[in-house]
1. Working only within the stretch 22-63, note down all residues that are touching a Leu at 6+ places or on another chain (Cβ under 9 Å), more than 20 Å from Val84 (Cα to Cα) and of a type in the set (S, T, N, Q).
2. Could you please let me know if Ile20 is under 25 Å from Glu104 (Cα atoms) and at pLDDT 85 or above?
3. When the residues of the stretch 109-121 are filtered to those that are modelled with pLDDT under 90 and either in the same structural domain as Ala77 (by the TED database) or in a loop (DSSP other than H, G, I, E, B) (or both), which remaining residue is surrounded by the most Cβ atoms within 10 Å (Cβ to Cβ)?
4. Report, by residue number, each residue of the stretch 109-136 that is within 10 Å of the ligand (Cβ to nearest atom) and within 20 Å of Ala70 (Cα to Cα).
5. Taking the residues in the stretch 129-139 that are in contact with a Lys or Arg (Cβ under 8 Å, 6 or more places away or on another chain) and modelled with pLDDT under 90 as candidates, determine which candidate is nearest to Arg107 (Cα to Cα).
6. What residue, among those in the stretch 73-108 that are acidic (Asp, Glu) and more than 16 Å from the ligand (Cβ to nearest atom), is farthest from Val149 (Cα to Cα)?
7. May I ask you to verify whether Ala80 is modelled with pLDDT of 85 or more, surrounded by 17 or more Cβ atoms within 10 Å (Cβ to Cβ) and closer than 14 Å to Asp18 by Cα?
8. Determine whether the stretch 53-64 contains at least one residue that is touching a strand residue (DSSP E or B) at 6+ places or on another chain (Cβ under 8 Å) and farther than 18 Å from Lys33 by Cα.
Amino acid sequence: MDKKQYSVEAIENGTVIDHIPAGKGLAILRQFKLLHYGSAVTVGFNLPSKTQGSKDIIKISGVRLDEKAANRLALFAPEATVNVIEDFKVVHKMQIALPDVIAEVFRCPNSNCASHGEPVKSRFYVRRQKDQTRLKCHYCEKTFSRDSVTEA
Ligand SMILES: [Zn+2]
């Protein structure tokens, strides 16, 4: 194990989202409703990072993110890492990869979309174009920028 200097307090059990691009930590806190768990959340903004220059980090005590949440995280920060902590040790590193399909998480921004009136789950196909992430709705076949879907 390599020695790491943590500038944010270590947690005993929970989840650490590390290597968030600096400036995206607040959006992730909000999108994941990380404060709604009622657990202790520790954040660090603009921390020095060897690989990124600077980064944000979020530590949530007593909460494990599920795969759906990890998918959503990939939309905001595909370069982030998610570590599950037990007894102050990393016991699992979740794979964060931009998924091909995102279902159930976001509503289609198109108010005429069939997904709103029907008892169906939203479904988007994820595409990476240059450094833009775009989502195409399965139902209305419209394509949206990442931000217009995640902030709708
Ligand atoms: Zn749609």
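The values are calculated or read from the model by the stated rules, or taken from the named source; none is laboratory data. Just so it is clear, the model here is predicted, and its values are computed rather than measured. Cβ sites come from the backbone with ideal geometry, for glycine too, and all protein chains shown count toward neighbours.
1. Correct list: Ser54 only.
2. Working: under 25 Å from Glu104 (Cα atoms): yes; at pLDDT 85 or above: yes.
Considered against the rule, which asks whether it is under 25 Å from Glu104 (Cα atoms) and at pLDDT 85 or above, Ile20 comes out as yes.
3. Among those that are modelled with pLDDT under 90 and either in the same structural domain as Ala77 (by the TED database) or in a loop (DSSP other than H, G, I, E, B) (or both), it is Val120.
4. Within the stretch 109-136, Ser122, Arg123, Phe124, Leu135, Lys136 meet the criteria.
5. Looking at the filtered set, the residue picked out is Thr133.
6. Asp87
7. It is true that Ala80 is modelled with pLDDT of 85 or more, surrounded by 17 or more Cβ atoms within 10 Å (Cβ to Cβ) and closer than 14 Å to Asp18 by Cα.
8. Checking the stretch 53-64: at least one residue is touching a strand residue (DSSP E or B) at 6+ places or on another chain (Cβ under 8 Å) and farther than 18 Å from Lys33 by Cα.
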